[in-house]
Amino acid sequence: MQQKKWWHHAVVYQVYPRSFYDSNDDGVGDLAGIIAKLDYLAGLGIELIWLSPVYQSPMDDNGYDISDYQNIAAEFGTLAEMDELIAEAGRRGIRILMDLVVNHTSDEHPWFIEARKTRDNPLRDFYIWRPARADGSPPDAQRSYFGGSAWQWDEASGEYYYHLFSRRQPDLNWENPGLRREVYRMMNWWLERGIGGFRMDVVDLLGKQVDRGITSNGPELHSILQEMNRATFGSRDVLTVGEAWSATPAIAKQYSDPARAELSMVFQFEHISQTFDPEAGKWKPRPFDLPAFKRCMAKWQTALDGEGWNSLFWNNHDLPRAVSKFGDPGRYRVESAKMLATALHGLKGTPYVYQGEEIGMTNVRFPAIEDYRDLESLNLYRERTAAGMPAAEMMKGIYQNGRDNARTPMQWSGAAYGGFSHVRPWLQANPNYAQINVEAALNDPDSIFFHYQRLIRLRKESELLVYGDFVLLLEEHAQVFAYLRRLGGQALAVVSNFSGQCVECVLPVSLRDLDGESLISNYAPRERLGQTVSLQPYESFIFAFRCEDAD
Ligand code: TEU
Ligand code: CA
């Protein structure tokens, strides 16, 4: 069995600071706002906060474009408030994960300001520069994820620089040892301040080799991470999680196998990418296919068992709301949000809750593109409608998968702007705040919030939930996701109906007529599990029983 870590039992909560809570009524969430809500988060039971970037930034990409890694954006607060957040969270048993965005900086970072001055500037090589082709066009046809060429012409120094995201996010050159040293120095500076670890933005891009057209999974990626581990967090008991869209189970094992000394775990996105069109990508959603989803989850559960660690999530600040994507945001919103929570938190790995998920916040449909703020949606809307795509079709894509779905202000109460602020927020609130809000959730013992609280508590108490193995049941069932977790003669059956219909499923004979107890459910608890199980719409439960033949 693998070495135990404190974070194996923990649940992480992601805060998107801009949208969490505005303490000083300028319409933008801030650090003091997070401090004010720490008791709420402690009440939920989470033990880590992944803080999306709060560093100094011109906010071209809401802080994923950093101009000073060792300072806080004025609109979010001060370094003193950051220290206070670390201390106040610590007092409540909560650690802070900083978002490490080092694939690129802002074009306003002093390194880039220096680097672009002249071609022989000592910092030139911190970034990626190439001459134009004979006709003045970019060196090659690589595209940016946010639209347009990955190459931006720099008039003053007469070369192109490379950017995989916006043109205001120039990519750093990780082949330069001086750059790597600077980043490690900065990471240690944060570790010294007492943070609990790092979430690493697009970590799979760090080993890129631009001239060979290699972006993710470059040949040096893992040696870079091993070097980083040695130079920074390796000697400390922290959690590190890398964002890795390109990870396969084999690659995730490389990142997260403790013997290799790289990261604690990665976010993989196979279950998310399954909902995108294989050719057209995320702007053309593909209907959810439960059997394919189950095969995917089972593959990851099994592959990393004992030799790595999974992260578990339904959504984040880049993705649509879980209940809108995988559940029913209408009639069965509460049931389906609880079902999704149970189905995910029953798995082996570290669960991540994205702010608002714990109250079942939903996607938003603003009527006009002007109501949106995310540069990805705005750029691609401009690019694609100019190329002839009907505006209504692009809006449909934004409604389904646009990033602002996750970024509308946190809904604290039924007051104006959902209680997020007393003034109009930077991005409008979802009008459903009148019904869906924290205050209402805390007043209802049956709320989604308390369901999450129970799941989080179960994980702290149950070795079986944390370390039990995983066995997929009913692989081909079109509506039901069911699996076992087993450890030392004990077992859990986690059974979830992913549909709005009443369905039946027939469990394997070995599970016939079990006596045990329901640990959690979103309908009436069960005392027995017959071989045929009838499930209400979006019904889901965890049933604990003795299981002689486990292990
Ligand atoms: O995202 C990386 C990424 O590739 C996608 O998730 C991206 O957000 C986009 O949706 C692709 O269509 C990370 C951050 O999570 C994201 O917020 C940043 O915008 C991006 O990196 C750049 O730092
Ligand atoms: Ca504010």
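Computed from the coordinates by the stated procedures, all read-outs in this text should not be read as laboratory data. Worth saying up front: this structure is predicted, and the values here are computed from it rather than measured. Backbone-built Cβ (ideal geometry, glycine too); neighbour counts: all protein chains shown.
Values for this structure:
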| item | result |
| --- | --- |
| Residues CYS296, CYS502, sorted so that the one with the fewest Cβ neighbours within 10 Å comes first | CYS502, CYS296 |
| Fully extended contour minus Cα-Cα distance, from ASN229 to LEU79, at 0.36 nm per residue | 51.5 nm |
| Nonlocal amide H pairs with LEU304, under 5 Å, H built at 1.01 Å | none |
| Cβ-based exposure ranking for TYR162, TYR145, in which fewest neighbours within 10 Å come first | TYR145, TYR162 |
| Anisotropy class of the range 110-162 from Cα gyration tensor, a/c 1.5 cut | oblate |
| Under 25 Å from LYS4, Cα to Cα: lysines that are on another chain or at least 8 residues apart | LYS253, LYS299, LYS348, LYS460 |
| Whether the range 466-546 is rounded, prolate or oblate, judged on the alpha carbon gyration tensor where a/c under 1.5 counts as rounded | prolate |
| Extension reserve of the ALA368-ARG424 stretch, reckoned as 0.36 nm per residue once the Cα distance is removed | 18.4 nm |
| Residues THR362, THR275, THR248, sorted so that the one with the fewest Cβ neighbours within 10 Å comes first | THR248, THR275, THR362 |
| Trypsin sites (Lys or Arg not before Pro) restricted to the range 459-551 and DSSP loop, no more than 15 other C-beta within 10 Å | ARG512 |
| Spatial separation of Cα centroids for the range 44-115 and the range 272-350, in angstrom | 28 Å |
| DSSP bridge orientation in the chain - percent antiparallel, rounded to nearest 5 | 65 percent |
| Cα gyration tensor, the chain - rounded (a/c under 1.5), prolate or oblate | prolate |
| 222 nm mean residue ellipticity, helices alone, for the chain (DSSP H n ≥ 4; -39,500 (n - 2.57); rounded to 500) | -8000 deg cm²/dmol |
| Under 5 Å, built H, 5+ apart or other chain: amide partners of TYR160 | ARG130, ALA132, ASP154 |
| Cut-off 16 Å (backbone N to label point 7 Å along Cα→Cβ of ALA250), residues of the range 304-327 | 304 |
| Low-density loop positions, trypsin sites (Lys or Arg not before Pro), the range 1-106 - DSSP coil, at most 12 other Cβ in 10 Å | LYS4 |
| Straight-distance crosslink candidates among lysines, where the alpha carbon sits under 21 Å from LYS325 and sequence neighbours closer than 8 are dropped | LYS282, LYS284, LYS294, LYS338, LYS396 |
